[in-house]
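Take a look at the structure set out below.
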Amino acid sequence: MTLRLLTGRMDIHELQKLVHKTRDPRRTQTLPKYSPAERDTLIKKHHPDYRENAYRPIKFGMNAGDLTVRELAALLEGESPVPENLDLSPAHTVDVLVVGGGGAGCAAALHAYARGAKVMLATKLRLGDSNTVMAQGGMQVAISREDSPIQHFLDTLKGGHMKNDHELLKMMVDEGPSIAKWLLELGVLFDRDADGNLHVKKGGGSSMPRLLTCSDYTGLEIMRVLKDEVLNQKIQLLEFSAAVELLSDGAGTCTGAVLRDLDNKRSLVVAAKAVILTTGGIGRLHIQGFPTSNHYGATGDGLVMAYRMGAKLLQIDTFQYHPTGAVYPEQLIGALVTEGIRSEGGHLVNAKGERFVNELDTRDVVSASIIRECEEGRGIRTMSGRVGVWLDTPLLDAEQGPGTVEKHFPAMVRQYKRFGIDIANDPVLIYPTLHYQNGGVQIDANSETGIRNLFVAGETSGGLHGRNRLMGNSLLDLMVFGRRAGTTAAARAASMPQGPMTLEHLRQFRAEARKHGVSPDVSSPMLLPAYAKQD
Ligand code: MEZ
């Protein structure tokens, strides 16, 4: 297939020739080595987190005055779709309501259920539709003899610019091995070496190989097993049922939620002694106009509901732009091209045929470097006006032997093959894509927010990753804190009666919004991206 879509009138194959031609000189090229001050300057100059006009202060609530991106600020201050006179007679009464059907939600539901709680899992789309399922490159766990949880802790802290919550981080790295054991016992097929031992790979910003992988579809494999387990345990499941508001006892304790049945367009009240929010991130808000690697439902619902209830948010001024999102073909814009390719030696190459960054530096540095290359005219422009740099995927076959790409990255090969592109022969064009919300709702060691009986786990929570998450730490985060949330919520539910259900917090929130002159035009949570067909 001939692709006549790149720079000027040049054929993509013509441009790709430079990548093939410069492979040898690139092997010995000296890469920039940044001092801490230079890294800081690079990030501040080119990383999207530092584009001042993309941010504004939040007008009221627990984070009044804090800066966040405009798109999120509008939703946090937004108008609930729930009327204050809604009939709050419950359609369901449970001990623990889990909101969200990804990895954190399934883990929380399974652990709460295993401790005897009556659990309901409600999810906006189908069970498993989540960012977990799209995680490709692996889950970090310090299991090799040469490695240790302390080393994992230090790498993560360095990657997060020392802004990580130490207590949460210590829990995550310490509990990694027991999480891996749990997943193996459930049936997750992590990659093994020829002797049958678990095989670990190295990710960006890590000093040790520590990624447990299932080729380049790790999240999909983990979700396969977790979904099966939720279904096998017959945990009560409500699909296409989006939580739109929480309920409180009127004195600061969470007592349930209002769901919107997306099929029948009806509201549904669930009485719950504890609620666990696991709704993932915000990629589909497309902040600053970025494409995203996130799934369709990643619209920040949990942040919005927790904020309205009075929970505190942390580090909501920092987001992760994964360095390698697809730029071409148009059908794949923003789709993830796993960091695993760079972990195995894939070079990033500019329009001059040069490498310009250590590909395994932390993601904020790599993304800032790619953006710099493009801003300074060393990017490759597509006919539709998008710009990117090359990721030299054929290099893997050239270095490690034919068939390497096909064998190690079957999902990636298939993703491109559908559009006639063979990534074992042709380098791919990439640019940073909105991938992860570094911050989120503040939680304690049990995943509980400042609101009693309201728990948050996974990407919706904040603090653990500091200002830049390391590859593979999100899968571990959601397992560790999904388990902690599920376990504590079940214990809490066993020790107390169901409290009264009111919308008192909403009444107060609306009064605050009026006081600050916020127009009720923006409805939140958003539930589906702005371009979704509502019918
Ligand atoms: O943790 C991630 O974000 C991840 C593993 C992504 C990837 O590049 O594969």
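The values are calculated or read from the model by the stated rules, or taken from the named source; none is laboratory data. These numbers were taken from a predicted model, which means no experiment stands behind them. With ideal geometry, Cβ positions are generated from the backbone for all residues, glycine too; neighbour counts draw on all protein chains shown.
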Open item on the list: Given the criterion surrounded by fewer than 24 Cβ atoms within 10 Å (Cβ to Cβ), at negative phi and within 15 Å of the chain's Cα centre (by Cα), identify the matching residue among Arg483, Arg467.
Closed with: Arg467
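Here's the yes/no breakdown for (1) among the hydrophobic types (A, V, I, L, M, F, W, C); (2) away from the ligand (no atom under 16 Å from the Cβ):
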{"position": "Gly440", "(1), (2)": "no, no"}
{"position": "Ile443", "(1), (2)": "yes, yes"}
{"position": "Asn446", "(1), (2)": "no, yes"}
{"position": "Leu464", "(1), (2)": "yes, no"}
{"position": "Ser474", "(1), (2)": "no, no"}
{"position": "Ser523", "(1), (2)": "no, yes"}
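Being buried (at least 24 other Cβ atoms within 10 Å of the Cβ), assigned to a strand (DSSP E or B) and either out of contact with any Cys (no Cβ under 6 Å at 6 or more places or on another chain) or of a type in the set (A, V, I, L, M) (or both) is the requirement here; does Val441 meet it?
Yes: the conditions hold for Val441.
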TODO: Could you list, in sequence order, all residues of region 316-325 that are away from the ligand (no atom under 12 Å from the Cβ) and either of a type outside the set (Val, Ile, Thr) or touching a Lys or Arg at 6+ places or on another chain (Cβ under 8 Å) (or both)?
DONE: Asp317, Thr318, Phe319
- [ ] Output the number of the condition that Gly78 fails; it satisfies all remaining conditions of (1) touching a strand residue (DSSP E or B) at 6+ places or on another chain (Cβ under 7 Å); (2) more than 30 Å from His286 (Cα to Cα).
- [x] (2)
TODO: With the condition kept exactly as written, say whether any residue in region 347-358 is out of contact with any strand residue (DSSP E or B) (no Cβ under 8 Å at 6 or more places or on another chain), assigned to a loop (DSSP other than H, G, I, E, B) and crowded, with 23+ Cβ neighbours inside 10 Å.
DONE: no
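Take Gly499 and decide whether it is more than 15 Å from the ligand (Cβ to nearest atom), in contact (Cβ under 8 Å) with a residue 12 or more places away in the chain and in a loop (DSSP other than H, G, I, E, B).
It is true that Gly499 is more than 15 Å from the ligand (Cβ to nearest atom), in contact (Cβ under 8 Å) with a residue 12 or more places away in the chain and in a loop (DSSP other than H, G, I, E, B).
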Task: Unique residue being within 11 Å of the ligand (Cβ to nearest atom), touching a residue at least 40 places away in the same chain (Cβ under 8 Å) and in the same structural domain as Pro410 (by TED's automatic domain parsing) when the list is Ile341, Ile333 - done: Ile341
Open item on the list: Condition first: part of a loop (DSSP other than H, G, I, E, B), at negative phi and in contact with a helix residue (DSSP H, G or I) (Cβ under 8 Å, 6 or more places away or on another chain). Now tell me which residues in region 504-527 satisfy that.
Closed with: Pro520, Val522, Ser524, Pro525, Met526
